[in-house]
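First the structure, in the form of structure tokens, and then the observations on it.
The values are calculated or read from the model by the stated rules, or taken from the named source; none is laboratory data. All values reported here derive from a predicted model rather than from experimental measurement. All Cβ positions, even for glycine, are placed from backbone atoms using ideal geometry, and neighbour counts span all protein chains on display. Note: accessible area is taken over every heavy atom of the protein model, side chains too, but ligands, DNA and RNA are not part of it. Shrake-Rupley method; radii C 1.70, N 1.55, O 1.52, S 1.80 Å.
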Amino acid sequence: MRDLAFLLFVGALLPIALLHPWVGIMLWTWISVMNPHRLLWTINTWPVAATVAGVTLLGLLLTRDKRRIPLTPATITLALFALWICVASAFAIKYDHEMFSKVMKIIFMIFIALIVLSERRHIEWLTVILTASIAFYGVKGGVFTLATGGGFRVWGPPGTFIGGNNEIALAIVLIIPLMYFFYGYYKNRWLKFALIGSMVLCAIAALGTHSRGALLAIVAMAFLLWWRSDKKLILGPVLFLVGLVSLAFLPEEWWLRMQTMQNYEQDQSAMGRINAWHAMFNIAKDRFFGGGFDIYRYEVFQIYAPVPEDVHAAHSIYLQVLGEHGFIGLFLYLMIGFFTWQTAAWIRKHTRGVPEVEWTGRLAAMCQVSMFGFAVGGAFLSLAYFDLPYNITVLVVIMRMYVERKLKAIKTGESIPEDRTGLLTPRAVTASAAPA
């Protein structure tokens with residue numbers, strides 16, 4: 001039944017995507033981030049993302065609208081990073097066509113999104129889709145953790161970037177700030193209760209994965225959220241109480257696993273990661289372009305790892321990029337995040353006290369909180385090419401484009417028509433929303 005419903009839903013949207021490519025981008029984002037086809041019974045191997053991407057590209061070619069890639073520091077650096085990956089892959093220890101193709105497709109569609117999206121409704125729909133796609137697993141995982149007393153780990157959809165317990169944990173953590181933005185945006189009391197419940201369940205699900213990196217990311221994000229809030233005396237105890245309630249449901253096994261962060265020398269998994277980190281650094285020192293995607297093999301570790309027999313994935317976005325693409329690749333990767341952060345900071349600065357665009361400042365602030373969580377939690381996960389952080393870059397860049405147009409229109413007394421068709425209407429805004 002779910003297979004048929006999925007086919008009907010996607011099939012109904014494909015003709016619309018042909019006429020309106022931005023709908024295709026939303027559909028592709030939903031499929032690439034949530035991977036709903038992985039939850040089906042019979043058609044879970046259908047290349048649905050490629051189908052949607054093909055229709056979207058065809059629609060883009062047929063449209064008469066003039067489009068161009070916004071040239072910002074973040075987008076230029078992303079293009080340079082993609083170019084560097086192409087060059088570095090030519091000098092790889094062993095060329096991995098499957099992974100290279102996968103990463104290039106993701107970055108290519110990110111640039112298509114930057115070309116197609118520009119209006120307020122695009123910003124709103126993209127935020128909703130990113131949030132809902134991961135919140136589905138967070139709410140489901142939170143309920144599962146409560147029902148089982150935390151005795152079993154929460155896992156993501158198999159065969160995806162977020163299939164592992166650590167990966168789905170970080171993805172769930174990243175969307176909690178976006179959910180908090182919606183909590184401050186809507187006035188409906190029942191919707192606010194639903195969002196509070198969903199955020200708590202997502203936090204419980206992240207803890208229920210037994211991921212140590214997720215715990216650090218949650219703590220880091222909670223601190224930044226509290227630090228930026230203008231209601232520290234209220235938010236602080238609330239965050240503390242939510243943390244206590246969430247931890248109370250977790251079994252002894254979870255506490256024992258978290259304690260290994262203090263005694264990491266006795267944890268085989270932690271020592272394996274440190275061995276892989278040494279290997280990644282040694283590869284980058286020895287090879288200017290890095291080793292390429294396929295370096296997590298016995299023969300490579302025999303040359304570069306302190307313990308040659310202990311082969312592990314990088315388990316760090318930073319060491320992953322360093323080992324695969326060298327120091328220049330890591331520099332470009334870090335600059336994408338830096339320029340995205342700076343763009344969000346510009347939005348926050350220029351929208352304060354401007355009611356028409358103040359909501360973008362609050363959303364940009366929550367994007368920064370998500371980025372901070374990814375920077376902390378990603379230090380212990382091989383998730384450098386996961387779509388969601390790149391989509392946050394898209395969100396921030398198109399928000400700045402919108403804000404620039406809106407501020408110019410306000411200055412000249414003009415109006416922007418798309419404001420009247422937004423998903424989140426101005427009437428839904430509350431006086432005290434998410435902290436900016």
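Return the only residue of Phe327, Phe339, Phe331 being without any contact (Cβ under 8 Å) to a residue 40 or more places away in the chain and either open to solvent by 10 Å² or more (accessible area, probe 1.4 Å) or in contact with a helix residue (DSSP H, G or I) (Cβ under 6 Å, 6 or more places away or on another chain) (or both).
Phe331
Yes or no: Ile76 closer than 24 Å to Ala345 by Cα, without any contact (Cβ under 8 Å) to a residue 12 or more places away in the chain and either in contact with a Cys (Cβ under 9 Å, 6 or more places away or on another chain) or open to solvent by 10 Å² or more (accessible area, probe 1.4 Å) (or both)?
So Ile76 fits the description; yes.
Kindly indicate the residue of region 82-102 that is part of a helix (DSSP H, G or I) and among the aliphatic types (A, V, I, L, M) and also surrounded by the fewest Cβ atoms within 10 Å (Cβ to Cβ) among those meeting that condition.
That would be Ala90.
For region 158-184, name all the residues that are open to solvent by less than 30 Å² (accessible area, probe 1.4 Å), over 20 Å from Ala379 (Cα atoms) and at pLDDT 85 or above.
Leu178, Met179, Phe181, Phe182
Determine, yes or no, whether Ser133 is within 23 Å of Val103 (Cβ to Cβ) and surrounded by 18 or more Cβ atoms within 10 Å (Cβ to Cβ).
In short, yes.
Answer yes or no as to whether Gly197 is more than 20 Å from the chain's Cα centre (by Cα), open to solvent by less than 20 Å² (accessible area, probe 1.4 Å) and over 20 Å from Ile106 (Cβ atoms).
Criteria not met by Gly197.
State all residues of region 149-179 that are touching a Pro at 6+ places or on another chain (Cβ under 9 Å) and assigned to a helix (DSSP H, G or I); if no residue qualifies, say none.
Listed by number, the residues that qualify are Ile168, Leu174.
Keeping to region 134-156, report how many residues are touching a His at 6+ places or on another chain (Cβ under 9 Å) and closer than 22 Å to Ile31 by Cα.
The number of residues fulfilling the criteria is 1.
Between a first residue in region 97-119 that is farther than 15 Å from Thr75 by Cα and a second residue that is assigned to a helix (DSSP H, G or I), which pairs have beta carbons less than 6 Å apart while being 6 or more apart in sequence or on different chains?
Note: pairs meeting the criteria are Phe100/Ser89; Glu119/Glu418.
Looking at region 284-312, which of its residues are aliphatic (A, V, I, L, M) and open to solvent by less than 30 Å² (accessible area, probe 1.4 Å)?
Ala284, Ile295, Val300, Ala305, listed by residue number.
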